[in-house]
1. Tell me the net charge near Pro137. Cut-off is 12 Å between Cβ atoms, Pro137 excluded, with +1 for each Lys or Arg and -1 for each Asp or Glu.
2. Let me check I've understood the local charge: for Ala113, count other residues with C-beta under 10 angstrom from its C-beta, Lys and Arg +1, Asp and Glu -1. What total comes out?
3. Quick one: accessible area per residue over the stretch 104-196, 1.4 Å probe, rounded to a whole number of Å²?
4. Largest first, how would Arg63, Arg163 line up by accessible area (1.4 Å probe)?
5. Gln149 label point, 7 Å along Cα→Cβ, cut-off 18 Å on backbone N: hits in the stretch 77-117?
6. Within a Cβ distance under 13 Å of Gln99, other residues only, what is the Lys/Arg minus Asp/Glu net charge?
7. Round to the nearest 10 and report in Å² the accessible area of Ile33, as given by a 1.4 Å probe over the protein chains' heavy atoms.
8. Under a plain spin-label model, where a point goes 7 Å from the Cα along Cα-to-Cβ, how far apart in nm are Lys89 and Ala20?
Amino acid sequence: MGAGVSKAFGDAAQLEAVEARVQNLTRKYSQFIGIQGKATQAAEKFRISQADALGDLVNLASRLGGTGATLDDVVNAYEGFNTLLATNKVASQEAAGAQLQLFQALGEGKLFAQEFNSLASQTPQLLDELAKVIGKPRGELKKLAGDGQISSQALIQALKNLREQGGGELENTFKGAFGAQKEFNKALQEFSVVIGQELLPVITPLLRSAAELLKIFGDLPGPVKTAAVAVGLLGTAALIAGPALGKLF
């Protein structure tokens, strides 16, 4: 129960932090106003939690904000890539790694060799579409990436095309066990957030009080702290030994 409460509190606190980042993002880049609504749509479309979708979109928008990218650019890149991840049924850990590489490439303005290799292994269809966009044979892409000649604009266009082309296949992907698992995880995560939001007003003051107590303990003289730790250890030992002693007498 304690672990569940801790997770729920953490999930709710994470969503609160992401929502604060949204405010900072849209204050700096007004073209991203409305990103929360796009996150809600993406969460339903890809069977992921609202917090995860919003966090991902904010991360990508933060990287692209200074390039003059629009909200449509962010959504096209994010949904195009997630369409590939879903239709390829890429596992969560690998998907997170590939997404990080994509975000880095988009933020840098170019696709370099390291990002290219990661994307090639997880989403090979992206390379096929990218080759069409830039008008080069797929076999030349690795060298172009090594030379920094594949732009983020080309990547976004390729991802936009894949987003538009992959709608039907995406829905079929979620009809089986893969989709059921995704929907269950989404429901579980969002339930945890709801529980955590109810706990925030209760647990937050308790955490602040505990932090103050720890600070006070840290400021105590050394011998006092040593004695307090010893007393604590004796109390723990008594709790452990009590039932055993009861069996002997």
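The values are calculated or read from the model by the stated rules, or taken from the named source; none is laboratory data. Given the structure is predicted, the values throughout are model-derived calculations rather than measurements. Every residue, glycine among them, receives a Cβ derived from its backbone with ideal geometry; neighbour counts consider all protein chains shown. Ligands, DNA and RNA are excluded from the accessible area calculation, which covers all protein heavy atoms including side chains. Shrake-Rupley method; radii C 1.70, N 1.55, O 1.52, S 1.80 Å.
1. +3
2. Cβ neighbours under 10 Å give a net charge of 0.
3. I get 53 Å² per residue for the stretch 104-196.
4. Arg63, Arg163
5. Of the residues in the stretch 77-117, 109-117 have backbone N under 18 Å from the label point off Gln149.
6. Around Gln99, the charge tally is -4.
7. Probe radius 1.4 Å; accessible area of Ile33 about 120 Å².
8. 4.1 nm
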